[in-house]
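The values are calculated or read from the model by the stated rules, or taken from the named source; none is laboratory data. Just so we're clear, the structure is a prediction, and the values are computed from it rather than from any experiment. FYI the Cβ positions are ideal-geometry reconstructions off the backbone, even for glycines, and counts take in every protein chain you see.
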Amino acid sequence: MTYTGDVQVGGPADVRELPALTISKLAVGPFDNNAYLVRCNDTGDGALIDAAADADRLLALIGDRPISKIITTHQHGDHWQALEQVAAATGATVIAHALDAAALPVPVDLEVEHGDRITVGAVTLEVIHLRGHTPGSIALHHPGHLFTGDSLFPGGVGNTNKDPERFAQLFTDVSERLFDRLPDETWVYPGHGKDTTLGAERPSLPQWRERGW
């Protein structure tokens, strides 16, 4: 079946098979968050991006194949409600940006910075720091595929609480670190809702800048 990224809380994961890795997207309640399981096709190693909620469903998604890492995209509580349970059940290394690590409910084993690389088996995810939604928000990039947390969605950048300085910072980071260096066909997997591509969103950048959110 063709991957669409359209998932519903309580429904099945949508699975995308790529040459190097397999991506499974699952929607969890109560805030309609997206959690992503990525697995290296060569080694079977896995990483969970945002243990947002519903630990039982996340552990069922992981199944009996181990994961080595849990990556939290930012400090907001709706993205880590299941982190403690999933970390305890899997023994996976807990990863977050240094500026958001202290807000998580469990100790962070590995603090990452902009430009760092996270390995999942033979696959590498590049850490892209996107300041503004939170101080330590990150995106994760595998060529052609971008997990953006709450920093980029279809239709705009993440919430900056109407703070013009935070919006300017996030808009600048998203523009320079994503749109200026990654191709239009790059698929965007956000922290909530439907997926998009950089090409679909690029024409709207002037409008986003003008409206200030």
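Tabulated results
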quantity	calculated
Which listed residue, of T160, T119, is farther than 24 Å from R57 by Cβ, in contact with a helix residue (DSSP H, G or I) (Cβ under 6 Å, 6 or more places away or on another chain) and of a type in the set (S, T, N, Q)	T160
Exclusive hit being farther than 14 Å from T73 by Cα, over 13 Å from the mean Cα position of the chain (by Cα) and assigned to a strand (DSSP E or B), set T160, T124, T172	T124
Where a residue in the stretch 70-84 is surrounded by fewer than 24 Cβ atoms within 10 Å (Cβ to Cβ) and its partner, wherever it lies, is among the small types (G, A, S), with Cβ under 7 Å and at least six apart	Q75/A103; Q75/G136; D78/A52; Q81/A52; Q81/A53
Among (1) crowded, with 16+ Cβ neighbours inside 10 Å; (2) free of Cβ contacts under 8 Å to residues at least 24 places away in the same chain; (3) out of contact with any helix residue (DSSP H, G or I) (no Cβ under 6 Å at 6 or more places or on another chain), the one test that I49 misses	(2)
Single residue of S151, S175 found to be farther than 28 Å from A13 by Cβ and modelled with pLDDT of 95 or more	S175
Qualifying residue in the stretch 6-14 (condition: under 22 Å from H145 (Cβ atoms), in contact with a Ser or Thr (Cβ under 9 Å, 6 or more places away or on another chain) and without any contact (Cβ under 8 Å) to a residue 24 or more places away in the chain)	yes
Residues of the stretch 84-104 satisfying the condition of being under 20 Å from H133 (Cα atoms) and assigned to a helix (DSSP H, G or I)	A101, A102, A103
Meets criteria (out of contact with any Asp or Glu (no Cβ under 9 Å at 6 or more places or on another chain) and either surrounded by fewer than 23 Cβ atoms within 10 Å (Cβ to Cβ) or among the acidic types (D, E) (or both)) for E113	yes
Selection from the stretch 163-213 of residues that are hydroxyl-bearing (S, T, Y) and either surrounded by fewer than 16 Cβ atoms within 10 Å (Cβ to Cβ) or out of contact with any Pro (no Cβ under 6 Å at 6 or more places or on another chain) (or both)	T172, S175, T186, Y189, T197, S204
Some residue of the stretch 182-201 being free of Cβ contacts under 8 Å to residues at least 12 places away in the same chain and not small (G, A, S)	no
One residue from A55, A35, A88, A60 being buried (at least 22 other Cβ atoms within 10 Å of the Cβ) and either free of Cβ contacts under 8 Å to residues at least 12 places away in the same chain or in contact with a helix residue (DSSP H, G or I) (Cβ under 9 Å, 6 or more places away or on another chain) (or both)	A35
Cross-chain or 6+ apart pairs with Cβ under 9 Å, the stretch 15-27 first and under 12 Å from G46 (Cα atoms), then modelled with pLDDT of 95 or more and of a type in the set (K, R)	L21/R39; T22/R16; T22/R39; I23/R16; I23/R39; S24/R16; S24/R39
P143 vs. criteria surrounded by fewer than 20 Cβ atoms within 10 Å (Cβ to Cβ) and under 19 Å from T22 (Cβ atoms)	yes
